[in-house]
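Take a look at the structure set out below.
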Ligand code: PLP
């Protein structure tokens with residue numbers, strides 16, 4: 001047993017698996033056993049392991065300029081090139097980009113930029129943020145407060161009220177619909193709940209609504225058709241900004257450039273990007289905001305003498321170079337188009353498990369999916385606790401596949417975007433074996 005305090009781990013559990021190396025869509029443990037990485041690490045290694053171009057880019061940039069900060073406007077070309085490229089890609093109008101290290105700190109940055117912006121335009125009372133139940137936005141004090149999963153709150157005494165965090169429904173029809181409710185009725189009910197919340201709190205006190213277009217850590221919830229259109233109509237009516245947390249759904253994961261495109265979310269005011277931005281070869285994140293929000297922040301910062309927010313590693317040149325190369329590879333190799341095609345195949349194959357006695361729902365879009373195991377297939381009654389999910393995840397591992405149990409008893413699938421059809425078939429075969437072990 002080492003001295004590591006393991007992240008997001010039951011601290012009673014001892015070390016579970018020692019991974020030594022990776023190659024393509026596979027990783028290997030210290031015994032040499034091969035595992036298909038069906039979660040791309042933590043939803044992030046989109047170009048797989050041991051990618052020569054990314055490794056060469058890293059070493060070249062390290063040799064050229066291993067570190068330089070961006071405080072006070074000190075800059076470097078690779079950072080500028082990356083921001084240009086991102087600004088041209090995202091559906092945010094006249095996008096401006098702030099670099100960070102992780103999805104969590106990028107969300108913290110957004111919270112602070114929201115406050116800065118609304119203070120700047122003379123609306124300091126407009127600071128609350130609506131987040132959804134069963135959302136995941138990270139684990140720093142502020143980001144964990146946005147996250148809507150109880151284990152990320154319990155025993156941490158988070159400052160929800162000080163941060164102005166409000167909660168609204170998770171758009172999960174299978175789990176949260178009332179008996180007999182159609183998808184349309186479900187959507188109308190939860191959109192009405194959102195509007196009732198806005199009216200009760202006062203739209204003038206609410207800055208933004210944050211959503212993962214398709215959730216990840218909370219079980220890959222794909223909202224019913226029409227949900228985001230109706231949500232956006234309500235937000236627009238009340239002057240509340242749409243903030244897309246695309247930390248997982250960005251860069252081809254859902255079969256399009258961004259989850260917003262897949263889900264029909266138009267012109268979000270803010271976007272959080274990380275993970276696949278660099279295929280996880282270096283830690284980097286980006287908090288993207290609309291150009292007019294940035295413009296409004298210029299004068300107040302000039303008055304103070306500084307926009308007093310920045311990380312030592314904001315715009316780290318090696319991370320920026322790797323991210324830039326990653327985006328180049330996505331474009332050159334048509335990775336998003338490939339993800340759309342492979343995604344259709346993966347979703348079709350995973351839905352074969354709807355016939356399995358343990359499986360209640362298979363959901364997903366593009367190259368992200370979850371298979372939910374239930375105690376009663378007819379009623380959808382969930383298993384108590386998370387033991388079944390943990391067992392099935394371990395069974396996958398025994399059969400040489402790494403996945404994650406999410407939302408207690410769902411298994412998540414989010415393989416590197418470079419997987420082959422044969423590797424998707426391998427994933428399906430291994431899942432079948434693991435589900436039978438779990439029966
Ligand atoms: N937002 C979303 C949607 C995420 O899925 C995650 C991580 O999984 C985060 C934010 C936090 O990112 P990080 O773990 O890099 O801090």
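Read the figures in this text as sums done on the coordinates, not as results from a lab. The structure presented is a predicted model; accordingly, all values stated were derived computationally and were not measured. Here Cβ is always computed from backbone atoms with ideal geometry, including for glycine, and neighbour counts include all displayed protein chains.
Here are some notes:
- Relative exposure of 154, 75, 168, judged by other C-beta atoms within 10 Å (fewest first): 154, 75, 168
- Averaging Cα coordinates gives a centre for the stretch 382-419 and one for the stretch 205-281; these two points are 24 Å apart.
- For 136, 311, order by how many other beta-carbon atoms lie within 10 Å, fewest first: 311, 136
- Sequence ranges 423-434, 361-372, ranked by mean other-Cβ count within 10 angstrom, highest first: 361-372, 423-434
- The length gained by stretching the chain between residue 167 and residue 203 to full extension, at 0.36 nm per residue less their Cα-Cα distance, is 11.5 nm.
- Förster-model FRET efficiency, 41 Å R0, residue 378 and residue 28, C-beta, rounded to 0.05: 0.50
- Where only C-alpha atoms are counted, convex hull volume of the chain per residue in Å³: 148
- Convex hull of the stretch 217-328 built on C-alpha atoms - directionally averaged projected area, nm²: 9.1
- Structure remark: mean-square fluctuation, Gaussian network model of the chain, C-alpha springs under 10 Å; the largest value among 109, 140, 420 belongs to 420.
- Shape category assigned to the stretch 371-411 from the gyration tensor of Cα positions, a/c cut at 1.5: prolate
- Given their separation in residues at 0.36 nm each and the Cα-Cα distance between them, residue 53 and residue 229 gain 59.4 nm when the chain is fully extended.
- Reciprocal of mean inverse Cα separation for the stretch 4-93 (Kirkwood radius, Å): 16.9
- Compared with the alpha-carbon gap, the fully stretched path from residue 437 to residue 84 is longer by 122.1 nm at 0.36 nm per residue.
- Model label points for residue 192 and residue 351, set 7 angstrom from Cα along the Cα-to-Cβ axis, are 3.1 nm apart.
- With neighbours defined as other Cβ atoms within 10 Å of a residue's Cβ, the residues 99, 383 order from fewest to most as 383, 99.
- Taking a ≥ b ≥ c as the square roots of the eigenvalues of the Cα gyration tensor, an a/c ratio of 1.5 or more together with a/b larger than b/c marks the stretch 268-374 as prolate.
- Prolate/oblate/rounded label for the stretch 85-174 (Cα gyration tensor, a/c 1.5): prolate
- Mean residue ellipticity (222 nm) of the chain, computed from DSSP H runs ≥ 4 via -39,500 (n - 2.57), nearest 500: -12000 deg cm²/dmol
- Per-peptide packing, taken as the mean over residues of other Cβ atoms within 10 Å, places 267-276, 390-399, 42-51 in the sequence 267-276, 42-51, 390-399 from highest down.
- Fraction of antiparallel bridges per DSSP, the stretch 56-332 only, in percent to nearest 5: 40
- For the stretch 152-196, alpha-carbon Rg and Dmax in angstrom: 14.2, 39
- One Cα centroid belongs to the stretch 97-123, the other to the stretch 324-374; the line between them spans 32 Å.
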